[in-house]
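So the structure is just underneath, and the comments pick up after that.
The values are calculated or read from the model by the stated rules, or taken from the named source; none is laboratory data. Quick caveat: nothing in here was measured; it's all calculated off a predicted structure. We place every Cβ from the backbone using ideal geometry, glycine too, and count neighbours over all the protein chains shown. All accessible areas refer to the heavy atoms of the entire protein, side chains included, with ligands and DNA or RNA removed. Shrake-Rupley method; radii C 1.70, N 1.55, O 1.52, S 1.80 Å.
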Amino acid sequence: MVFPSETRDDELILSADRLDIVHWFVDTAFVVCPDFESHTSGAMTLGRGCILNGSRKQKLNTRSSTEAELVGAHGMSQLVFWTELFVEAQGYKILHNILHQDNKSTILLLENGKSSSSKCTRALNIRCFHLTDQTEKGNIKVHCCPADQMVADCNSKPLQGKQFHFLHRVLLGHDIIPFPS
């Protein structure tokens, strides 16, 4: 068990390995609120430590974890694309805006759009296939992230033990997640 006094003096370490690659971790805890809404969290890094980190309750009830993940990714997309514009306004060109996702059904829907959907996902149409369009245009890439390395879990789920310690250290920049090339 970790007590607040044990983490109070932890330092935040931030560094940017490459300013042209932005990594986003977006995750959703499905139907965890008393009113049956889900909770989305996201984190952004340029290399070491998470520069942006936050969470919010979804304003929409969803029928499946895949739909909740799509709604969460869509909700965070505004910040994803705004950050790209902001960084480019500072004089740095973003080559890869990478969205890390741990739900394989969501990844398929984001990459393939309607060709991966069924009757169950018909209601998602415009709201969630916006990200599919952005993927096709090359504005965002979707990568599969193993569930045990999903940094955004810190803000959407109650974690304990090794998982909490690992993700806590990654958020603060003490440990680094090895990104695939």
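Taking the listed residues Leu12, Leu46, the one that is buried (at least 19 other Cβ atoms within 10 Å of the Cβ) and either over 17 Å from Ser156 (Cβ atoms) or out of contact with any helix residue (DSSP H, G or I) (no Cβ under 9 Å at 6 or more places or on another chain) (or both) is Leu46, with no other qualifying.
Of all residues in the stretch 28-76, which are among the small types (Gly, Ala, Ser) and more than 28 Å from Gly173 (Cα to Cα)?
Initial filter on the stretch 28-76 (among the small types (Gly, Ala, Ser)): 29, 38, 41-43, 47, 49, 54-55, 64-65, 68, 72-73, 75.
Once the filter is applied, which keeps residues that are among the small types (Gly, Ala, Ser) and more than 28 Å from Gly173 (Cα to Cα), the stretch 28-76 yields Ser64, Ser65, Ala68.
Can you tell me how many residues within the stretch 16-36 are over 14 Å from the mean Cα position of the chain (by Cα), farther than 19 Å from Gly91 by Cα and crowded, with 17+ Cβ neighbours inside 10 Å? Break it down into steps so the answer makes sense when it comes.
Residues of the stretch 16-36 over 14 Å from the mean Cα position of the chain (by Cα): 16-21, 30-36.
This time we only want the ones that are farther than 19 Å from Gly91 by Cα, so: 30-36.
Narrowing further to those that are crowded, with 17+ Cβ neighbours inside 10 Å: 30-31.
Adding up the residues that qualify gives 2.
Within the stretch 54-71, one or more residues are free of Cβ contacts under 8 Å to residues at least 40 places away in the same chain and open to solvent by less than 30 Å² (accessible area, probe 1.4 Å).
Counting residues that are more than 12 Å from the chain's Cα centre (by Cα) and modelled with pLDDT of 80 or more, which helices (runs of 4 or more DSSP H) fully inside the stretch 98-181 reach at least 2? I'd like the intermediate steps shown before the answer.
Details: elements: 104-112, 125-136, 153-156, 161-172.
Hits in the stretch 98-181: 104-112, 125-136, 161-172.
Restricting to the stretch 96-115, give me the number of residues that are of a type in the set (D, E, K, R) and in contact (Cβ under 8 Å) with a residue 40 or more places away in the chain. Even if it seems obvious, please write down each step before you answer.
The first filter runs over the stretch 96-115 and keeps only residues of a type in the set (D, E, K, R), leaving 102, 104, 111, 114.
Still in the running and in contact (Cβ under 8 Å) with a residue 40 or more places away in the chain: 102, 104.
Matching residues across the stretch 96-115 total 2.
For beta carbons closer than 6 Å, sequence separation of 6+ or different chains, a first residue in the stretch 131-158 that is closer than 14 Å to His100 by Cβ and a second that is in a loop (DSSP other than H, G, I, E, B), the qualifying pairs are Cys145/Asp102; Ala147/Asp102; Gln149/Ile177; Met150/Asp102. Of the residues examined, Ile94 is one that is over 15 Å from the mean Cα position of the chain (by Cα), outside any helix (DSSP H, G or I) and under 16 Å from Thr45 (Cβ atoms).
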